[in-house]
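Colleague: Can you read through this structure? Questions will come right after.
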Amino acid sequence: MPNQTIVRPPTAVRSDGSNGVVQRRVVTVFLVLLAALLAAASARGPIAAILAIFLAVLISMLAVFGRERVAFLAMMAAFATAPMNRGLSPGGPSNPITPTDLLFGLAVMLLLPTLLRRQLRLPLTYVIGITLILVTGTIATAAAAAPLLSALQFAQWLVVILGLLVLFAVWAPSWRMVDILLWSYVAGQMLSILYAPLGGAVGNRYQGLSHHPNEFGGAGVMAFAALMYLWRRNDAVWYRVAVALAASACGVSVVISGSRAATAVMAGLILLIPIVERSAVKGFVLAILGALFVFALPLVVGESGEGSAISRLAGSADALGADKARSEAQDFGIDMFFQHPLLGNGFADALYVHNVVLGVATSIGIFGLIGYLLVLFTLARPVLGNHPNRRLCYVVAAFVAITPTFPGLEDRTLWAPMAPAILLAIQSRLPASDAERDARR
């Protein structure tokens, strides 16, 4: 009788000379021990149980999807929570660390092996600008009356103006990935809009899931600007309808937030369309629509409600009180600036100025302000070029226009959607053929 035994083929030998058996056994033992530790930790209280569940889910996702995909999912979650930012903080708006920060941190840790293999390319104007900020910020913090508080605020600002922008420059995600991240931001704002009626109004103004109506309006205008970029990323009818509906919802969120600055910026973004699109016809159409809006403004003011942005632009009592507070904050910032116009006063009181540009000037002086303006110039400059994705500069324009009315230098709600613009600034300096190739990725 012939031998029916089938010989098991030998396990393939890896490049390091092993067959992988030992590695699989080590991983198995590690997972068993980790499961036992998580089970023991979950019995020590609700917080420990939540952390144990989170770690278990994270490890399972790493095993199923892989490190880089989980990192991208964490980045999507960070963008989705950015419109709410401090509104989601367990310790309230005063908590310096938000869920958005934790998700960005998780993404960076998972991407670290990838980032270490990449080359860093940065525009020269950004390098000069960030160098000026680092030098003047260090000197101003060392000489400040409250150096520890100033150092904390300075570090939080560096997380976004240096850390977040350099992260995207090194990581260099594809433009399709950028689209997904911006759609995640829009989805987060949609969730905040849906919650707004449930959360109720504060002085006839809605704030959604954010911690302040102005933040709700700021997120709305940043999402609106992101949708202006996303509009041209697909020609399908269903896609354009989805973008139009989402943009309309963002417009509504700006109006019900009562933020006059966000409303004015959104109108300004629309007026930018002929410049960015290089179209005189679109400019003519916008002029007609603007004239119709002016004729309809009295009716809109009457129907929009006392706390809406339209009503406050018309000069409601609530708006007059806000104007007085902003004027006092501006005078405070100007006085601070002239105390130390060259070295600055540190960052301890920058929040009370309620104006990011003036806050930078009071914190790190005139040379630091020049550095900050160079960073913004770097991100906004591609709007004058011919890069296929130059419409991302709508987001930069929204940021530049709205920050003079916002108090927070490190506001993740505003910085997160603008961070991918560093890719545009880098690619705009490449040869035309290379820029076209990168834009199709």
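Colleague: Does residue 352 qualify as being in a helix (DSSP H, G or I), touching a helix residue (DSSP H, G or I) at 6+ places or on another chain (Cβ under 9 Å) and at pLDDT 85 or above? Full working, then the answer.
Modeller: On the way: in a helix (DSSP H, G or I): yes; touching a helix residue (DSSP H, G or I) at 6+ places or on another chain (Cβ under 9 Å): yes; at pLDDT 85 or above: no.
Criteria not met by residue 352.
Colleague: Can you tell me which of (1) over 26 Å from residue 136 (Cβ atoms); (2) assigned to a loop (DSSP other than H, G, I, E, B); (3) under 18 Å from the mean Cα position of the chain (by Cα) is the one residue 388 doesn't meet?
Modeller: All conditions pass for residue 388, except number (3).
Colleague: Select, from 94, 89, the only residue that is under 24 Å from residue 257 (Cβ atoms) and out of contact with any helix residue (DSSP H, G or I) (no Cβ under 8 Å at 6 or more places or on another chain). Spell out the reasoning first.
Modeller: Values: 89 fails: out of contact with any helix residue (DSSP H, G or I) (no Cβ under 8 Å at 6 or more places or on another chain).
Checking each option against the conditions leaves just 94.
Colleague: Here is a follow-up. If only one of 142, 80, 107, 74 is surrounded by 14 or more Cβ atoms within 10 Å (Cβ to Cβ) and over 30 Å from residue 206 (Cβ atoms), which one is it? Steps first, answer last, please.
Modeller: Values: 142 fails: surrounded by 14 or more Cβ atoms within 10 Å (Cβ to Cβ); 80 fails: over 30 Å from residue 206 (Cβ atoms); 74 fails: over 30 Å from residue 206 (Cβ atoms).
Unique residue meeting the criteria: 107.
Colleague: What tally of residues in the stretch 197-241 results from selecting those that are assigned to a helix (DSSP H, G or I) and out of contact with any strand residue (DSSP E or B) (no Cβ under 8 Å at 6 or more places or on another chain)? Break it down into steps so the answer makes sense when it comes.
Modeller: Within the stretch 197-241, the subset assigned to a helix (DSSP H, G or I) is 197-199, 213-233, 237-241.
If we keep only those that are out of contact with any strand residue (DSSP E or B) (no Cβ under 8 Å at 6 or more places or on another chain) as well, we get 198, 214-215, 217-233, 237-241.
Number satisfying all stated conditions: 25.
Colleague: Let me ask something else about it. Could you check, for the stretch 237-251, whether at least one of its residues is within 23 Å of residue 94 (Cα to Cα) and of a type in the set (Lys, Arg)?
Modeller: Within the stretch 237-251, the first condition is being within 23 Å of residue 94 (Cα to Cα), and the residues that meet it are none.
Within the stretch 237-251 (the criterion being within 23 Å of residue 94 (Cα to Cα) and of a type in the set (Lys, Arg)), the answer is no, since none of the residues qualifies.
Colleague: Restricting to the stretch 83-104, and then to whatever is assigned to a helix (DSSP H, G or I) and of a type in the set (A, V, I, L, M, F, W, C), can you tell me which residue is surrounded by the fewest Cβ atoms within 10 Å (Cβ to Cβ)?
Modeller: 102
Colleague: Consider residue 219 against the criteria (1) open to solvent by 10 Å² or more (accessible area, probe 1.4 Å); (2) at pLDDT below 95: it satisfies all of them except one. Which criterion is unmet?
Modeller: It is condition (1) that residue 219 fails.
Residues are listed down the side, and each one gets a yes or a no for (1) modelled with pLDDT of 85 or more; (2) assigned to a helix (DSSP H, G or I); (3) aromatic (Phe, Trp, Tyr); (4) within 19 Å of the chain's Cα centre (by Cα):
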{"position": "320", "(1), (2), (3), (4)": "no, yes, no, no"}
{"position": "324", "(1), (2), (3), (4)": "no, yes, no, no"}
{"position": "333", "(1), (2), (3), (4)": "no, yes, no, no"}
{"position": "347", "(1), (2), (3), (4)": "yes, no, yes, no"}
{"position": "359", "(1), (2), (3), (4)": "yes, yes, no, no"}
{"position": "364", "(1), (2), (3), (4)": "yes, yes, no, no"}
{"position": "367", "(1), (2), (3), (4)": "yes, yes, yes, no"}
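Colleague: Further question on the same structure: Need pairs with beta-carbon distance below 7 Å; first residue over 19 Å from residue 328 (Cβ atoms) and open to solvent by 50 Å² or more (accessible area, probe 1.4 Å) and within the stretch 351-367, second among the β-branched types (Val, Ile, Thr) and in a helix (DSSP H, G or I); sequence gap 6+ or separate chains.
Modeller: 367/136
Colleague: Let me ask another. Do we find a residue being touching a Gly at 6+ places or on another chain (Cβ under 8 Å), open to solvent by less than 40 Å² (accessible area, probe 1.4 Å), under 30 Å from residue 370 (Cβ atoms) and assigned to a helix (DSSP H, G or I) anywhere in the stretch 110-132?
Modeller: Of all residues in the stretch 110-132, those touching a Gly at 6+ places or on another chain (Cβ under 8 Å) come to 128-132.
Checking which are open to solvent by less than 40 Å² (accessible area, probe 1.4 Å) leaves us with 129-130.
If we keep only those that are under 30 Å from residue 370 (Cβ atoms) as well, we get 129-130.
From what's left, assigned to a helix (DSSP H, G or I): 129-130.
Scanning the stretch 110-132 turns up at least one residue that is touching a Gly at 6+ places or on another chain (Cβ under 8 Å), open to solvent by less than 40 Å² (accessible area, probe 1.4 Å), under 30 Å from residue 370 (Cβ atoms) and assigned to a helix (DSSP H, G or I).
Colleague: Right, something else. Given the criteria modelled with pLDDT of 70 or more and either in a loop (DSSP other than H, G, I, E, B) or touching a helix residue (DSSP H, G or I) at 6+ places or on another chain (Cβ under 7 Å) (or both), does residue 300 qualify? Before the answer, list the steps.
Modeller: Details: modelled with pLDDT of 70 or more: no; either in a loop (DSSP other than H, G, I, E, B) or touching a helix residue (DSSP H, G or I) at 6+ places or on another chain (Cβ under 7 Å) (or both): yes.
No.
Colleague: Where the second residue is part of a helix (DSSP H, G or I) and open to solvent by 70 Å² or more (accessible area, probe 1.4 Å) and the first is of a type in the set (A, V, I, L, M, F, W, C) and lies in the stretch 229-251, which pairs have Cβ atoms under 6 Å and are six or more apart or on separate chains?
Modeller: 243/231
Colleague: Would you check which residues across the stretch 155-192 are open to solvent by 10 Å² or more (accessible area, probe 1.4 Å) and among the β-branched types (Val, Ile, Thr) and list them?
Modeller: Within the stretch 155-192, 159, 166, 170, 180 meet the criteria.
Colleague: Restricting the stretch 380-400 to residues that are of a type in the set (A, V, I, L, M), modelled with pLDDT of 90 or more and within 14 Å of residue 426 (Cα to Cα), which is surrounded by the most Cβ atoms within 10 Å (Cβ to Cβ)? Explain how you work it out, then say what you get.
Modeller: Pass one, the stretch 380-400, residues of a type in the set (A, V, I, L, M): 380, 383-384, 392, 395-398, 400.
Within this subset, residues satisfying the condition of being modelled with pLDDT of 90 or more are 380, 392, 395-398, 400.
Adding the requirement that they be within 14 Å of residue 426 (Cα to Cα) leaves 380, 392.
Details: 380: 18, 392: 26.
Per the stated criteria, the residue is 392.
Colleague: Right, here's the next one. Which one of 195, 206, 239 is among the hydroxyl-bearing types (Ser, Thr, Tyr), more than 20 Å from residue 395 (Cβ to Cβ), surrounded by fewer than 24 Cβ atoms within 10 Å (Cβ to Cβ) and at pLDDT 85 or above?
Modeller: None of the other options fit; the residue is 195.
Colleague: Could you run through the stretch 330-346 and say how many residues are touching a residue at least 60 places away in the same chain (Cβ under 8 Å) and within 18 Å of residue 403 (Cα to Cα)?
Modeller: Qualifying residue count, the stretch 330-346: 0.
The values are calculated or read from the model by the stated rules, or taken from the named source; none is laboratory data. Predicted model, so just to flag it, every value in this text is computed and none were measured. Heads up, the Cβs are rebuilt from the backbone with ideal geometry, glycines too, and the neighbour counts pull from every protein chain shown. We work out accessible area using only protein heavy atoms, side chains counted, and drop any ligands, DNA or RNA first. Shrake-Rupley method; radii C 1.70, N 1.55, O 1.52, S 1.80 Å.
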